[in-house]
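S.K.: Dropping a structure here in C-alpha cells format, bear with me for questions.
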Amino acid sequence: MTRSRHAILGLALPLTAVLVFAVLLTFSMLRMFEMQNAMRVGAEQNMLWVLHQSEVAALRMIETAALAELGEADQDDLALRLDILASRVALLNDGPQRRFVERIGMEDDLDRLQATLASVKTIIDDFTQGDGPRLHNTLDPFSRIFGRAANKAMIAEWDDMGGRLEASRGQLHQIIASLIGIMIAGGTLAVMLVMALRESRQRNRMLLRERDFSGLLISSSGEGILAVNREIKCTVWNDAIAGMIGKPAEQVVGRTLSQVAGFFETAPVRIGIEQALAGITSKMAYQPLFAPDRERPLYVDLRFYPMWNDVGIVGAILFMHDASDRHAAKQREAQIRDRLEELVTERTRDLDSALQRERSAADLYRNFAAMVSHQFRTPLAVADSALQRLLRRGPRADPGEVAERAGRARSAIAGLTRLVESTLDAARLDAGQIGARRVNCDMSKIVRTACDRLGDAAPDRHIEVSYPLLGQPITYCDPALAEQVLENLLSNANKYAPPNTSVSVVLRIDDEWLHCEVSNSGPPLSEKDREQIFERNHRGANSVGVAGTGIGLFMARTLARMQGGDVTLQAANEGTTFRISLPRFGEKTT
Amino acid sequence: MWKLMVTGLVLLGAAGVAQAEATILEITGRIAGGDVKLDRAALEALPPAALVTSTVVTDGQHHFTGFLMRDLLNHLDAKGDSVTAVALNDYAVEIPISDFYEYDVIVAFDMDGQPLTRDDKGPLWIVYPRDDHQALQDIRFDYRWVWQLQLLDVQ
C-alpha cells in the first residue's frame, strides 16, 4: 500500500514538474513574441518628425514669400518652396500618415490646407511684389495647423508609448513570474535527478556486490555449474564441473561445448540446452558421464534453465549434481526389490498349488460317494455276474469253471480294494499328508489289465491295442490311479461306441511324455459338449439312455493331473478320442 | 578600367550639354573629375533597374523603376566609404556605400509607372528592397529612404 503510494508519488511529482515547466515556458515564450511584435510596430511611428518637417516647410515657404516681397527671391524659389510644402501635404495624405491625422481629429484641417495649396499656386504663378501680403495671409494657417498637429502627435505618441510600456511591463511581470515558476520546476527536477542518480548508484553498488557474491557462490558450489551464451559457447565453468569433466576453466571458457567433451554431444544434454535456449526448463536424472581418466562413469543429475535479461533469452545455465552414490544405492535397492519379488512369486506359487491341492482333495471327498457309486459299479457287476453264474451252474460247474469264475470275482474285488486304497491315498496326498506314490511303471501292463477288465465287463466289445514300435512305454505314475483313469476312459468309450464297433487304445511316446489315446467311433461331439465335457456332472447330448453319473471324465482328468499328467479331448471329424498324457520320467533331482 | 573611363567621359559630356536643361542631381566629393551635375536624360542613360516593395509612408506594394545606386557610383568611379544624401528640404542622411553593394538599392524616377514629381516625392527617391530582406525592415534603414533627392556627397 505505502509502496504503491510511494511509486505514484515518485512518478507524479516529476511528471507534474515537467508539465509545469513546459506550460510556463510556452507561456513566457508567447508573451515574449508578443512583446517583440509590439516593439517592431512601435518603431515605425514617427509622426512628430513628419509634422515638424511639414511645419519647417511651411515656415520656409513664408520666409521665401517675405524675401520675394522684398525682391530678394524670385518665382523659381517660390515654386520650389511650394512644391516642397505640397509634397509634405501629399505625404500627410498618404495611407499611414492620413490615418494618424484622422486619429488626432485633424483631417478637416488637412483637407483645408490641401485646398488652400491651389490658391497659393495661382498667386505664385503670377507673382508680383504687391501680392506679398495676400500670400502671407493665405499661408498663415499652414504653420499654425502643423504646429498644433505636432503638439497633438506628441501627446498621442507619448500616450501610446506609455500604454505600450505599461503593457510591456505587465507582460514582463508575467514572464518574470513564469521564469520563477520554471526555476522552481527545474530545481525540483534537478533535485529529483540528483536523488535518482544517487539511488541508481547505490543500486549499482548493491548489484555489483550481489554479482560478486553470486560469483563466489558459483565458484565454491559443490554442484557443477556452467553457463553458455546463445552460440552455445561456455561463459561460466566452476571448479566442481571442472572436476567432473576433467578440464579446467581456462581450457573451456569461450569455446563451444561440443568441443569440450563428448558428454555435451549426447542427445539428452544437447536437447536440454536447446530447450533452455528456447525458454524451457528441464531436468534429468542419472545421466552417465564418462571421463577418460575414470574407470566407471559418474551418474549426474542435470537441470537446465534459460538465462533472461530485459530483452530476451541470452543463454542457458546447467547445474550438474554428482548422484553416483545415490545411483548405486538405488541400483542396490532395485536388486533387493527384484529378489523380494522373486521370493514372493515363488511363495505365491507354492501357496497356490497348496490351495489347488486342498480344493482337489475337498472336491474328492465331496464326491467320494458319487465316485464310489460310479467306479465301484463295474467291478461289483463283474463279481456279481461271476458269482451268479456260479450259483446258476451250482453242482454242474466243474472245478475249472468254478476256479475261473471265482478268480474273476476275486480279481474284480481286488481291483475294488485297490481303488479304495488309491482313492484314500490320493485324498491323503491332496491333503498333503503323504507323498506321491509315483513309481516307474510299464504302461503296457496297465493297458492290458484295464482291457482285460473291460473284456470281462463287456465280452462283446472288440478292443484294439497298439504299442509303440520303439522303446518301453515306461511312465512315472501311480499305477492304480493310472489304471483307474484308463478304465474310466475305456468304460466311457465302450458306453458311447455303437454296437459291433471296436474301441482302440494307442500308446505313443515322445521325449517327455507318454500318450495313451482311447478312441471310439460314432458321431463327433457337439462344440458345446466339447467345451463342457470335463466338468463335473456334465452329461453329453448323446448320453440319453446310457447309464452314468457324468463324473467319469472329471475323475479321469483330476486323477491324471494329480500325477502331473492330463486328459484331453483330441480334435476329430469322426468318433471321439481322449488322450491320457503322463510324464515319462520323474521330476529332475538337482 | 579604360572602358569605365570612357563611359564616365561620355556621361560627363552629356551632363555638360544638358547644363542648360534642369539639373536634378548633383554629385560632389571623392569622385573622378570633380563635381558633377546630372539631368534626367543623363540618369536615364544608366542601366535601368526596377523593384517591387512596400514603404513605411504608403499603403501596399509599389513598383519602382530607376537605376541602381551602385551603377551610378561605379560610373563616376566613386572612392568613398559613405554617401551623404541631401534632399530639397535640406534633410541630410549619411549612408554607408556598403548598403548599395549588399542590397539592390535603386534611385527611382517612377512609381507604379507614374513619374515622381517634385510636389510629391520626386524627382528622385532612394528606395531599398525592403520586402526582400528582413534586415531592411528596421527603423535604422527607414531613415535612409531620402526622397526629393538633390545631392550626393561621396566621403
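S.K.: Return yes or no: is B:Tyr128 hydroxyl-bearing (Ser, Thr, Tyr) and over 13 Å from the mean Cα position of the chain (by Cα)?
M.R.: Answer is no for this residue.
S.K.: To continue, here is another question. Going through segment A:81-113 one residue at a time, which ones are within 7 Å of another protein chain (Cβ to nearest Cβ) and either part of a helix (DSSP H, G or I) or under 60 Å from the mean Cα position of the chain (by Cα) (or both)?
M.R.: Of everything in segment A:81-113, those that are within 7 Å of another protein chain (Cβ to nearest Cβ) and either part of a helix (DSSP H, G or I) or under 60 Å from the mean Cα position of the chain (by Cα) (or both) turn out to be A:Asp83, A:Ile84, A:Ala86, A:Ser87, A:Ala90, A:Leu91, A:Gly95, A:Pro96, A:Gln97.
S.K.: Under the condition of being within 14 Å of chain A (Cβ to nearest Cβ) and either in contact with a Phe, Trp or Tyr (Cβ under 6 Å, 6 or more places away or on another chain) or not polar (S, T, N, Q) (or both), which residue from segment B:39-68 is surrounded by the fewest Cβ atoms within 10 Å (Cβ to Cβ)?
M.R.: B:Gly60
S.K.: Then there is this: Consider A:Asp77 carefully, then state whether it is among the acidic types (Asp, Glu), within 11 Å of another protein chain (Cβ to nearest Cβ), at negative phi and in a helix (DSSP H, G or I).
M.R.: When the stated conditions are applied, A:Asp77 does not pass them.
S.K.: Same structure, new question: Return the pairs, sorted by first residue and then second, in which the second residue is assigned to a loop (DSSP other than H, G, I, E, B) and hydroxyl-bearing (Ser, Thr, Tyr), the first residue lies in segment B:101-124 and is within 21 Å of A:Leu80 (Cβ to Cβ) and within 14 Å of chain A (Cβ to nearest Cβ), the beta carbons are less than 8 Å apart, and the residues are 6+ apart or on different chains.
M.R.: Correct list of pairs: B:Pro123/B:Thr117.
S.K.: Then there is this: Restricting to segment B:125-140, and then to whatever is free of Cβ contacts under 8 Å to residues at least 40 places away in the same chain and within 24 Å of B:Leu73 (Cα to Cα), can you tell me which residue is surrounded by the fewest Cβ atoms within 10 Å (Cβ to Cβ)?
M.R.: Going through the qualifying residues, I end up with B:Arg140.
S.K.: Identify, from the list B:Ala78, B:Ala14, B:Ala22, the residue that is within 14 Å of another protein chain (Cβ to nearest Cβ), more than 12 Å from the chain's Cα centre (by Cα), over 18 Å from B:Arg144 (Cα atoms) and modelled with pLDDT under 90.
M.R.: B:Ala22
S.K.: Moving on to the next point. Within the set of pairs 6+ apart or on separate chains, which have a first residue in segment A:45-74 that is within 13 Å of chain B (Cβ to nearest Cβ) and touching a residue at least 12 places away in the same chain (Cβ under 8 Å), a second that is assigned to a helix (DSSP H, G or I) and of a type in the set (Asp, Glu), and C-beta atoms under 9 Å apart?
M.R.: A:Gln45/A:Glu157; A:Gln45/A:Asp160; A:Met47/A:Glu157; A:Thr64/A:Asp77
S.K.: Here's something else I'd like to know. Please state which one of A:Ile123, A:Ile155 is more than 14 Å from every other protein chain (Cβ to nearest Cβ), part of a helix (DSSP H, G or I), free of Cβ contacts under 8 Å to residues at least 12 places away in the same chain and out of contact with any His (no Cβ under 7 Å at 6 or more places or on another chain).
M.R.: A:Ile155
S.K.: Tell me which residues, restricted to segment A:536-545, are modelled with pLDDT of 60 or more and loosely packed, with under 12 Cβ neighbours inside 10 Å.
M.R.: Selection gives A:Asn537, A:Ala541, A:Val544.
S.K.: Would you call B:Ala87 within 13 Å of chain A (Cβ to nearest Cβ), loosely packed, with under 15 Cβ neighbours inside 10 Å and farther than 30 Å from A:Asn37 by Cβ?
M.R.: Criteria not met by B:Ala87.
S.K.: Only one of (1) among the aliphatic types (A, V, I, L, M); (2) more than 14 Å from A:Gly224 (Cβ to Cβ); (3) more than 23 Å from the chain's Cα centre (by Cα) is not met by A:Met307, so which one is it?
M.R.: Of everything listed in (1) among the aliphatic types (A, V, I, L, M); (2) more than 14 Å from A:Gly224 (Cβ to Cβ); (3) more than 23 Å from the chain's Cα centre (by Cα), A:Met307 misses just condition (3).
The values are calculated or read from the model by the stated rules, or taken from the named source; none is laboratory data. In this text the structure is predicted, and so the values were computed from the model without any measurement. When we count neighbours, we look across all protein chains shown, and the Cβ atoms used for this are built from the backbone with ideal geometry, even at glycine.
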